[in-house]
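The values are calculated or read from the model by the stated rules, or taken from the named source; none is laboratory data. Quantities reported herein were computed from a predicted structural model and do not represent experimental measurements. Ideal geometry is used to build each Cβ from the backbone, glycine not excepted, and the neighbour counts take in all protein chains shown. Note: areas computed on protein heavy atoms with side chains; ligands, DNA, RNA excluded. Shrake-Rupley method; radii C 1.70, N 1.55, O 1.52, S 1.80 Å.
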2 protein chains.
Amino acid sequence: MSFSHFDAEHCFINKFTTLIAGKWKPILLYLIQNDINRFSLMMEHVPNISRKVLTEQLRGLESDGLIYRDELKSKAPKVVIYHLTEKGEKLRQLVDEIIRWGMTYDKEEVPDEMKKILDSDFAQ
Amino acid sequence: MSFSHFDAEHCFINKFTTLIAGKWKPILLYLIQNDINRFSLMMEHVPNISRKVLTEQLRGLESDGLIYRDELKSKAPKVVIYHLTEKGEKLRQLVDEIIRWGMTYDKEEVPDEMKKILDSDFAQ
DNA sequence: ACAATAAGTTACCGAACGGTTACCTTGATT
DNA sequence: AATCAAGGTAACCGTTCGGTAACTTATTGT
(Lines give C-alpha, C1' and ligand atoms only; values in the text may rest on other atoms or scores of the structure.)
Protein backbone atom coordinates (compact mmCIF):
# COMPACT_ATOMS: atom_id res chain seq x y z
CA MET A 1 0.00 0.00 0.00
CA SER A 2 1.35 3.42 -0.83
CA PHE A 3 0.41 6.60 0.96
CA SER A 4 -0.37 9.91 -0.57
CA HIS A 5 -0.99 13.08 1.35
CA PHE A 6 -3.46 13.29 4.18
CA ASP A 7 -6.11 15.87 4.79
CA ALA A 8 -7.78 16.46 8.13
CA GLU A 9 -10.95 17.64 6.34
CA HIS A 10 -11.67 14.17 4.97
CA CYS A 11 -10.84 12.28 8.13
CA PHE A 12 -13.87 10.35 9.39
CA ILE A 13 -12.68 10.46 12.94
CA ASN A 14 -12.50 14.21 12.80
CA LYS A 15 -16.01 14.29 11.38
CA PHE A 16 -17.17 12.08 14.18
CA THR A 17 -15.43 14.07 16.90
CA THR A 18 -16.77 17.29 15.45
CA LEU A 19 -20.27 15.87 15.86
CA ILE A 20 -19.76 14.70 19.39
CA ALA A 21 -17.07 16.88 20.85
CA GLY A 22 -18.83 19.74 22.48
CA LYS A 23 -18.16 19.57 26.19
CA TRP A 24 -21.76 18.65 26.99
CA LYS A 25 -22.97 17.02 23.79
CA PRO A 26 -22.54 13.34 24.72
CA ILE A 27 -24.33 13.96 28.01
CA LEU A 28 -27.13 15.81 26.25
CA LEU A 29 -27.61 13.02 23.73
CA TYR A 30 -27.77 10.55 26.58
CA LEU A 31 -30.29 12.62 28.50
CA ILE A 32 -32.50 13.20 25.48
CA GLN A 33 -32.52 9.49 24.73
CA ASN A 34 -33.76 8.96 28.28
CA ASP A 35 -36.53 11.53 28.16
CA ILE A 36 -34.71 14.33 29.91
CA ASN A 37 -35.70 16.17 26.82
CA ARG A 38 -36.65 19.72 27.76
CA PHE A 39 -34.49 22.77 28.28
CA SER A 40 -35.35 23.21 31.94
CA LEU A 41 -35.02 19.49 32.70
CA MET A 42 -31.54 19.54 31.21
CA MET A 43 -30.67 22.61 33.24
CA GLU A 44 -31.66 20.70 36.37
CA HIS A 45 -29.72 17.57 35.56
CA VAL A 46 -26.61 19.23 34.28
CA PRO A 47 -25.33 21.64 36.89
CA ASN A 48 -22.49 23.91 35.79
CA ILE A 49 -23.98 24.43 32.36
CA SER A 50 -25.31 27.87 31.49
CA ARG A 51 -28.39 28.68 29.46
CA LYS A 52 -26.25 30.09 26.71
CA VAL A 53 -24.01 27.08 26.37
CA LEU A 54 -26.93 24.66 26.63
CA THR A 55 -28.61 26.51 23.79
CA GLU A 56 -25.41 26.45 21.72
CA GLN A 57 -24.80 22.74 22.19
CA LEU A 58 -28.42 21.89 21.39
CA ARG A 59 -28.32 24.07 18.28
CA GLY A 60 -25.12 22.33 17.24
CA LEU A 61 -26.61 18.88 17.67
CA GLU A 62 -29.66 20.05 15.74
CA SER A 63 -27.76 21.50 12.80
CA ASP A 64 -25.73 18.29 12.58
CA GLY A 65 -28.98 16.39 12.31
CA LEU A 66 -28.61 14.41 15.52
CA ILE A 67 -31.63 15.84 17.31
CA TYR A 68 -34.71 17.81 16.33
CA ARG A 69 -36.78 20.40 18.15
CA ASP A 70 -40.48 19.89 18.70
CA GLU A 71 -41.91 23.22 19.77
CA LEU A 72 -45.40 22.72 21.16
CA LYS A 73 -47.54 25.55 19.86
CA SER A 74 -50.10 27.47 21.94
CA LYS A 75 -48.62 26.31 25.22
CA ALA A 76 -48.52 28.39 28.35
CA PRO A 77 -44.89 29.30 28.72
CA LYS A 78 -43.11 27.98 25.64
CA VAL A 79 -42.57 24.21 25.66
CA VAL A 80 -39.89 22.64 23.49
CA ILE A 81 -39.19 18.93 23.40
CA TYR A 82 -36.02 17.54 21.92
CA HIS A 83 -35.79 14.13 20.25
CA LEU A 84 -33.03 12.06 18.74
CA THR A 85 -33.16 11.68 14.99
CA GLU A 86 -32.41 8.35 13.36
CA LYS A 87 -28.87 9.56 12.78
CA GLY A 88 -28.65 10.54 16.41
CA GLU A 89 -29.73 7.09 17.53
CA LYS A 90 -27.17 5.41 15.31
CA LEU A 91 -24.54 7.69 16.73
CA ARG A 92 -25.64 6.76 20.23
CA GLN A 93 -24.99 3.09 19.40
CA LEU A 94 -21.46 3.98 18.47
CA VAL A 95 -21.17 6.04 21.60
CA ASP A 96 -22.25 2.99 23.61
CA GLU A 97 -19.34 1.05 22.14
CA ILE A 98 -16.97 3.75 23.20
CA ILE A 99 -18.41 3.63 26.69
CA ARG A 100 -17.87 -0.13 26.73
CA TRP A 101 -14.29 0.46 25.61
CA GLY A 102 -13.89 3.02 28.37
CA MET A 103 -15.34 0.67 30.98
CA THR A 104 -13.13 -2.27 30.16
CA TYR A 105 -9.94 -0.55 29.19
CA ASP A 106 -9.93 2.62 31.19
CA LYS A 107 -11.39 1.20 34.38
CA GLU A 108 -8.43 1.86 36.63
CA GLU A 109 -8.70 5.55 35.88
CA VAL A 110 -12.31 5.67 37.04
CA PRO A 111 -13.03 6.81 40.60
CA ASP A 112 -14.55 4.10 42.85
CA GLU A 113 -17.99 5.65 43.18
CA MET A 114 -18.19 5.82 39.41
CA LYS A 115 -17.43 2.11 39.07
CA LYS A 116 -20.53 1.19 41.05
CA ILE A 117 -22.63 3.29 38.76
CA LEU A 118 -20.97 1.86 35.68
CA ASP A 119 -21.57 -1.68 36.88
CA SER A 120 -25.27 -0.91 36.95
CA ASP A 121 -27.21 -0.03 33.84
CA PHE A 122 -26.13 3.56 34.01
CA ALA A 123 -23.57 5.10 31.76
CA GLN A 124 -22.98 8.72 30.94
CA MET B 1 -33.84 4.64 36.47
CA SER B 2 -33.41 7.97 38.14
CA PHE B 3 -30.95 10.63 37.10
CA SER B 4 -28.74 12.65 39.30
CA HIS B 5 -26.49 15.44 38.13
CA PHE B 6 -24.07 15.01 35.27
CA ASP B 7 -20.45 15.96 35.13
CA ALA B 8 -18.49 16.38 31.92
CA GLU B 9 -15.27 15.37 33.72
CA HIS B 10 -16.49 11.81 34.21
CA CYS B 11 -17.94 11.37 30.76
CA PHE B 12 -16.22 8.55 28.90
CA ILE B 13 -16.96 10.04 25.55
CA ASN B 14 -15.24 13.22 26.57
CA LYS B 15 -12.26 11.21 27.76
CA PHE B 16 -12.20 9.44 24.43
CA THR B 17 -12.52 12.60 22.38
CA THR B 18 -9.83 14.26 24.46
CA LEU B 19 -7.50 11.40 23.52
CA ILE B 20 -8.31 11.52 19.85
CA ALA B 21 -9.44 15.03 19.10
CA GLY B 22 -6.38 16.89 18.07
CA LYS B 23 -6.82 17.96 14.48
CA TRP B 24 -4.14 15.55 13.24
CA LYS B 25 -4.10 12.85 15.89
CA PRO B 26 -6.26 10.21 14.16
CA ILE B 27 -4.21 10.60 11.00
CA LEU B 28 -0.97 10.33 12.94
CA LEU B 29 -2.12 7.17 14.71
CA TYR B 30 -3.04 5.69 11.37
CA LEU B 31 0.28 6.61 9.82
CA ILE B 32 2.30 5.28 12.74
CA GLN B 33 0.39 2.02 12.61
CA ASN B 34 1.41 1.77 8.97
CA ASP B 35 5.10 2.49 9.50
CA ILE B 36 5.04 6.14 8.54
CA ASN B 37 6.63 6.47 11.92
CA ARG B 38 9.27 9.18 11.75
CA PHE B 39 9.00 12.91 12.08
CA SER B 40 10.17 13.68 8.58
CA LEU B 41 8.06 10.93 7.00
CA MET B 42 5.00 12.37 8.68
CA MET B 43 5.91 15.84 7.50
CA GLU B 44 5.99 14.47 3.95
CA HIS B 45 2.68 12.65 4.13
CA VAL B 46 0.77 15.32 6.00
CA PRO B 47 1.05 18.56 4.09
CA ASN B 48 -0.32 21.61 5.88
CA ILE B 49 1.02 20.52 9.22
CA SER B 50 3.82 22.54 10.77
CA ARG B 51 6.78 21.20 12.73
CA LYS B 52 5.49 22.80 15.86
CA VAL B 53 2.00 21.33 15.65
CA LEU B 54 3.32 17.91 14.63
CA THR B 55 5.52 17.95 17.71
CA GLU B 56 2.61 19.01 19.91
CA GLN B 57 0.27 16.34 18.62
CA LEU B 58 2.90 13.63 18.98
CA ARG B 59 3.73 14.78 22.51
CA GLY B 60 0.03 14.69 23.33
CA LEU B 61 -0.39 11.16 22.01
CA GLU B 62 2.71 10.16 23.95
CA SER B 63 1.63 11.65 27.26
CA ASP B 64 -1.75 9.94 26.88
CA GLY B 65 0.08 6.64 26.50
CA LEU B 66 -1.05 5.95 22.94
CA ILE B 67 2.40 6.03 21.32
CA TYR B 68 5.98 5.89 22.50
CA ARG B 69 9.16 7.43 21.21
CA ASP B 70 12.14 5.28 20.31
CA GLU B 71 15.09 7.59 19.95
CA LEU B 72 17.96 5.74 18.27
CA LYS B 73 21.14 6.77 20.07
CA SER B 74 24.43 7.64 18.37
CA LYS B 75 22.85 8.19 15.00
CA ALA B 76 23.99 10.66 12.43
CA PRO B 77 21.25 13.23 12.37
CA LYS B 78 18.89 12.31 15.21
CA VAL B 79 16.54 9.41 14.39
CA VAL B 80 13.30 8.98 16.32
CA ILE B 81 10.83 6.21 15.62
CA TYR B 82 7.29 6.31 16.95
CA HIS B 83 5.29 3.19 17.78
CA LEU B 84 1.77 2.51 18.98
CA THR B 85 1.47 1.25 22.54
CA GLU B 86 -0.96 -1.53 23.42
CA LYS B 87 -3.44 1.13 24.49
CA GLY B 88 -2.92 2.89 21.20
CA GLU B 89 -3.65 -0.27 19.26
CA LYS B 90 -6.84 -0.88 21.19
CA LEU B 91 -7.87 2.66 20.49
CA ARG B 92 -7.19 2.12 16.80
CA GLN B 93 -9.64 -0.79 16.81
CA LEU B 94 -12.31 1.52 18.14
CA VAL B 95 -11.33 4.08 15.58
CA ASP B 96 -11.82 1.47 12.88
CA GLU B 97 -15.39 0.96 14.05
CA ILE B 98 -16.01 4.66 13.80
CA ILE B 99 -14.61 4.63 10.28
CA ARG B 100 -16.96 1.78 9.41
CA TRP B 101 -19.83 3.83 10.84
CA GLY B 102 -18.72 6.77 8.77
CA MET B 103 -18.48 4.70 5.61
CA THR B 104 -21.92 3.18 5.87
CA TYR B 105 -23.85 6.03 7.41
CA ASP B 106 -22.12 9.12 6.18
CA LYS B 107 -21.38 7.94 2.66
CA GLU B 108 -23.41 10.54 0.80
CA GLU B 109 -21.35 13.27 2.40
CA VAL B 110 -18.12 11.81 1.08
CA PRO B 111 -16.68 13.22 -2.16
CA ASP B 112 -16.58 10.75 -5.06
CA GLU B 113 -12.83 10.38 -5.23
CA MET B 114 -12.83 9.53 -1.55
CA LYS B 115 -15.40 6.75 -2.04
CA LYS B 116 -13.07 4.87 -4.36
CA ILE B 117 -10.36 5.02 -1.77
CA LEU B 118 -12.73 3.97 0.98
CA ASP B 119 -13.95 1.02 -1.04
CA SER B 120 -10.38 -0.22 -1.17
CA ASP B 121 -8.46 -1.23 1.92
CA PHE B 122 -7.55 2.32 2.66
CA ALA B 123 -9.08 4.40 5.39
CA GLN B 124 -7.77 7.50 7.07
C1' DA C 1 -53.19 44.80 34.97
C1' DC C 2 -49.45 42.07 36.52
C1' DA C 3 -46.35 38.62 37.92
C1' DA C 4 -44.45 34.19 36.82
C1' DT C 5 -42.35 30.90 33.83
C1' DA C 6 -40.00 28.37 29.69
C1' DA C 7 -36.84 29.14 26.70
C1' DG C 8 -34.11 31.64 25.09
C1' DT C 9 -30.54 36.06 23.29
C1' DT C 10 -26.77 39.62 23.75
C1' DA C 11 -22.44 41.56 25.18
C1' DC C 12 -18.40 40.58 26.92
C1' DC C 13 -14.22 37.81 28.69
C1' DG C 14 -10.24 34.53 29.31
C1' DA C 15 -8.08 30.16 28.03
C1' DA C 16 -6.90 26.85 24.64
C1' DC C 17 -5.82 25.52 19.93
C1' DG C 18 -3.79 25.65 15.59
C1' DG C 19 -0.72 28.31 12.66
C1' DT C 20 3.68 31.14 10.97
C1' DT C 21 8.35 32.22 11.20
C1' DA C 22 12.78 32.05 12.95
C1' DC C 23 16.21 29.83 15.63
C1' DC C 24 18.74 25.68 17.91
C1' DT C 25 21.35 21.14 18.62
C1' DT C 26 24.01 17.22 17.42
C1' DG C 27 26.66 14.14 14.79
C1' DA C 28 28.11 12.93 9.76
C1' DT C 29 29.89 14.33 5.43
C1' DT C 30 32.96 17.14 2.37
C1' DA D 1 36.45 24.13 9.42
C1' DA D 2 32.16 24.48 7.34
C1' DT D 3 27.90 22.52 6.02
C1' DC D 4 23.88 19.57 6.04
C1' DA D 5 20.07 17.08 7.91
C1' DA D 6 16.75 15.29 11.57
C1' DG D 7 14.08 16.69 14.90
C1' DG D 8 12.98 19.73 17.24
C1' DT D 9 12.01 24.76 20.51
C1' DA D 10 10.55 29.89 21.17
C1' DA D 11 7.94 33.99 20.33
C1' DC D 12 4.03 35.57 18.71
C1' DC D 13 -0.95 35.79 16.65
C1' DG D 14 -5.88 35.15 15.42
C1' DT D 15 -9.98 32.22 16.08
C1' DT D 16 -12.87 29.28 18.57
C1' DC D 17 -14.92 27.61 22.87
C1' DG D 18 -16.92 27.67 27.18
C1' DG D 19 -18.42 30.80 30.79
C1' DT D 20 -20.93 35.02 33.40
C1' DA D 21 -24.40 38.28 33.83
C1' DA D 22 -28.10 40.82 32.24
C1' DC D 23 -31.97 41.36 29.16
C1' DT D 24 -36.15 39.47 26.11
C1' DT D 25 -40.52 37.28 24.51
C1' DA D 26 -44.89 35.06 24.78
C1' DT D 27 -48.69 33.23 27.28
C1' DT D 28 -51.25 31.86 31.27
C1' DG D 29 -52.95 32.07 36.01
C1' DT D 30 -54.25 35.53 39.77
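For the cross-link pairs A:Lys23/B:Lys78; A:Lys25/B:Lys25; A:Lys78/B:Lys15; A:Lys87/B:Lys52; A:Lys90/B:Lys52, which exceed 28 Å when the distance is taken from alpha carbon to alpha carbon?
Numbers: A:Lys23/B:Lys78 39 Å; A:Lys25/B:Lys25 21 Å; A:Lys78/B:Lys15 35 Å; A:Lys87/B:Lys52 37 Å; A:Lys90/B:Lys52 37 Å.
Beyond 28 Å: A:Lys23/B:Lys78; A:Lys78/B:Lys15; A:Lys87/B:Lys52; A:Lys90/B:Lys52.
Roughly how much accessible area, to the nearest 100 Å², goes out of reach of solvent when A and B pair up, both sides summed, probe 1.4 Å? Could the numbers behind the result be given before it?
On the way: alone 8990 and 9040 Å², together 13050 Å².
It comes to approximately 5000 Å² buried between A and B.
Rolling a 1.4 Å probe over the heavy atoms of the protein chains gives region B:8-119 an accessible area of 52 Å² per residue.
For A:Thr18 and A:Asn48, the difference between the fully extended length at 0.36 nm per residue and the C-alpha to C-alpha distance is 8.6 nm. Distances between equivalent label points of A:Met43 across the copies, with each point positioned 7 Å along Cα→Cβ, amount to 5.3 nm, shortest listed first.
Sparse packing (at most 13 other Cβ atoms within 10 Å of the Cβ) combined with a DSSP loop state is found for the following trypsin sites (Lys or Arg not before Pro) in region A:10-79: A:Lys73, A:Lys75, A:Lys78.
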